[in-house]
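Below is one structure, written out as structure tokens; comments come after it.
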Amino acid sequence: MGIIAWIIIGLLAGAIAKALMPGKDPGGIIITMLIGIVGALLGGWLGKVIFGVDSIDGFFDLSTWIAAIIGSLILLALYRLVVGNRRSRRHE
């Protein structure tokens, strides 16, 4: 897949991850989009490393979307954990 396809998958996976994980995000829409793009890449990489499968088969392949969404969820949770703790310490 090309870089444009990865950006589109990442944007959509970031939006889906945000919908599945409601709550206040420390960042705005730009941060969510970047988390989605990087999360999609992370999900594809984790699929190869952990399960030994090629989860990046094609744009319309279900395994590509599942890997991208799971990667985005992981990255969004880590982002909330790191940035959320930093913000709460600043207000104390």
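Filter the stretch 6-29 down to residues that are exposed (fewer than 13 other Cβ atoms within 10 Å of the Cβ) and either more than 16 Å from ARG80 (Cβ to Cβ) or small (Gly, Ala, Ser) (or both), then give me how many there are. Qualifying residue count for the region: 3.
Checking each residue in the stretch 67-92 for being of a type in the set (Val, Ile, Thr) and either at positive phi or modelled with pLDDT under 85 (or both) picks out only VAL83.
To keep it simple, each residue is scored yes or no on (1) of a type in the set (A, V, I, L, M, F, W, C); (2) in a helix (DSSP H, G or I); (3) under 16 Å from TRP65 (Cα atoms); (4) touching a Pro at 6+ places or on another chain (Cβ under 8 Å).
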site: ALA5; (1), (2), (3), (4): yes, yes, yes, no
site: PRO22; (1), (2), (3), (4): no, no, no, no
site: ILE30; (1), (2), (3), (4): yes, yes, no, no
site: LEU41; (1), (2), (3), (4): yes, yes, yes, no
site: TRP45; (1), (2), (3), (4): yes, yes, yes, no
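The values are calculated or read from the model by the stated rules, or taken from the named source; none is laboratory data. Quick caveat: nothing in here was measured; it's all calculated off a predicted structure. Every residue, glycine among them, receives a Cβ derived from its backbone with ideal geometry; neighbour counts consider all protein chains shown.
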